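Each remark here refers to the structure printed beneath this line.
The values are calculated or read from the model by the stated rules, or taken from the named source; none is laboratory data. Computed from a predicted structure; not experimentally measured. Methodologically, a virtual Cβ is constructed for each residue, glycine included, from the backbone with ideal geometry; neighbour enumeration extends over all protein chains shown. Note: accessible area is taken over every heavy atom of the protein model, side chains too, but ligands, DNA and RNA are not part of it. Shrake-Rupley method; radii C 1.70, N 1.55, O 1.52, S 1.80 Å.
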Amino acid sequence: MNGRNILVTGGAGFIGSHVVRRFVQNYPDDNIINGDALTYAGNLENLRDIEGASNYIFERLNITDSEAVRLLFIKHKITHVIHLAAESHVDRSIEGPMEFVMSNVVGTVNLLNAAKEFWTSGEHVFHHVSTDEVYGSLGNEGLFTEETSYDPRSPYSASKASSDHFVRAYYHTYGLPVKISNCSNNYGSHHFPEKLIPLMIHNILNKKPLPVYGKGDNIRDWLWVEDHASAIDTIFTNGSVGEAYNVGGLNEWTNIELVRFLCRLMDEKLGRSKGESEQLITYVADRAGHDKRYAIDATKLEKELGWKPSITFEEGLSKTVDWYLENSDWVEQVTSGSYKDYYSQMYGDRK
Ligand code: NAD
Ligand code: TYD
């Protein structure tokens, strides 16, 4: 095959698996190499439906191992990178920042070094997938634009901000053809139940307490994961080298409104009485350094590249809940074993 050899790092994770599936299906003439360490967040079950595709290859790769990264570039003659591999959960970063430094900062620099070493001529793209959390926390007004100064406040966002800076530095210093996207909170199928939406779906289903941090008045902008994958495709394909693009859903919710909405939606789907699941809501101790509000201005992406979210939050959440109800085996698999220890450590005595 003479197409591009596209390395998707973190392709077995939540967003990565949607990106891999999209690229395998949309670009049959390219090879899609999924390089993933399979941490607790990586799961090959996420890609069962496409694992037999002739243009798909899985390689177990830990990006903190610089030699392994080099060898993978050589073995598959990597021409393009879409970099998603990362430790991604803020609460875990508060408990142990060093893994975030290793995977998110050192791992990113290892990939940049390999690209710099091997991409000496020809067409290449290094697309770095990042978060809006690098911009810090907003008050009641305003939106993050691409010009907003970086002001990360959690170990997770500090590690992602650092990786963004390295990616830009390799563009300015070595001319590496990079693109960066900074996206708001994603939701959708195959989302590990440590993050707000899948955790609440899982607990509502099992009639367990719904732990809302603080007063529940923190605000997030939510985007359907398939729409994030389409934005990545758009930026990877048509975005300008050296540029960053914000990706968001213009869809702000306080956590408590969102949890209440999910409760109503699931009561309906599960045939429960009105208001039943809302009784599970339990206010618990706030997250340390909890960012108040994230909200994205995605005008640049819409105006320059014509991207827009494809569905409403209500449609996306309904699809997402249906997926969890229909895939209890997946949920069972990811919540057995170490998830139980994580859950009791994080929520056990959180009053
Ligand atoms: P995730 O935690 O679900 O998946 C991360 C994947 O990376 C897993 O498959 C894991 O095995 C892999 N991984 C972790 N460390 C690795 C290492 N050292 N080497 C190789 N693979 C490793 O994360 P996600 O939510 O899918 O996020 C993917 C990317 O998108 C991250 O870079 C994250 O910062 C970014 N992002 C996420 C969101 C969101 O709402 N989830 C929003 C914006 C940006
Ligand atoms: P999360 O899904 O962890 O994403 P992020 O912190 O990266 O935005 O959390 C989303 C919001 O939900 C955030 O304000 C913290 C809050 N939250 C809870 O109230 N309870 C929970 O159990 C979790 C996981 C999050």
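With all protein chains kept in place, the per residue accessible area of the range 288-351 amounts to 56 square angstrom at a probe of 1.4 angstrom. Among Ile256, Ile232, Trp323, whose Cα sits farthest toward the positive end of the charge dipole of the range 224-346 (+1 at Cβ of Lys/Arg, -1 at Cβ of Asp/Glu, about the Cα centre)? Of the listed residues, the answer is Ile256. Highest mean first, the peptides 186-195, 327-336 sorted by other C-beta atoms within 10 Å per residue fall in the order 186-195, 327-336. Our analysis of the chain gives Rg over Rh at 0.95, with the two radii drawn from alpha carbon positions and Rh computed by the Kirkwood formula.
Our summary of shape: the Cα atoms of the range 164-223 have principal axis extents of 54, 27, 16 Å, ordered from largest down, in whole angstrom.
Dipole magnitude for the chain: about 300 debye, using +1 per Lys or Arg Cβ and -1 per Asp or Glu Cβ, origin at the Cα centre. Neighbours of Tyr339 by Cβ distance under 12 Å: Lys/Arg scored +1, Asp/Glu scored -1, total -2.
Estimated purely from DSSP H runs of n ≥ 4, each contributing -39500 (n - 2.57), the mean residue ellipticity at 222 nm for the chain is -12500 deg cm²/dmol once divided by its residues.
Centre-to-centre separation between the Cα atoms of the range 11-79 and those of the range 261-276: 38 Å.
The Cβ shell under 15 Å around Pro28 holds other residues with a net charge of 0, Lys and Arg each +1, Asp and Glu each -1. For the peptides 72-78, 151-157, the ranking by packing is 151-157, 72-78, with the highest mean count of neighbouring Cβ atoms within 10 Å listed first. For the peptides 255-262, 33-40, the ranking by mean Cβ contacts within 10 Å, running from highest to lowest, is 33-40, 255-262. With all pairs of different C-alpha atoms in the average, the Kirkwood value for the hydrodynamic radius of the range 19-58 is 10.5 Å.
Let me know the charge dipole size of the range 296-351 about its Cα centre in debye, to the nearest 20, where only the beta-carbon of Lys, Arg (+1) and Asp, Glu (-1) is charged. Here the size comes out at about 260 debye. So the label point goes 7 Å from the Cα of Ala288 along Cα→C-beta, right? Which residues of the range 181-197 then have their backbone N under 16 Å from it? From the range 181-197, the list is empty. For the chain, the longest principal axis of the C-alpha atoms and the axis of helix 196-205 are separated by about 40°. Axis of helix 107-118 versus longest Cα principal axis of the chain: the two differ by about 20°, to the nearest ten degrees. Computed over neighbours whose Cβ is under 15 Å from that of Lys274, the net charge equals 0, Lys and Arg +1, Asp and Glu -1. What is the angle, in °, between the Cα long axis of helix 225-238 and the longest principal axis of the Cα atoms in the chain? Nearest 10 is fine, range 0 to 90. Compared with the principal axis, the helix lies near 20 degrees.
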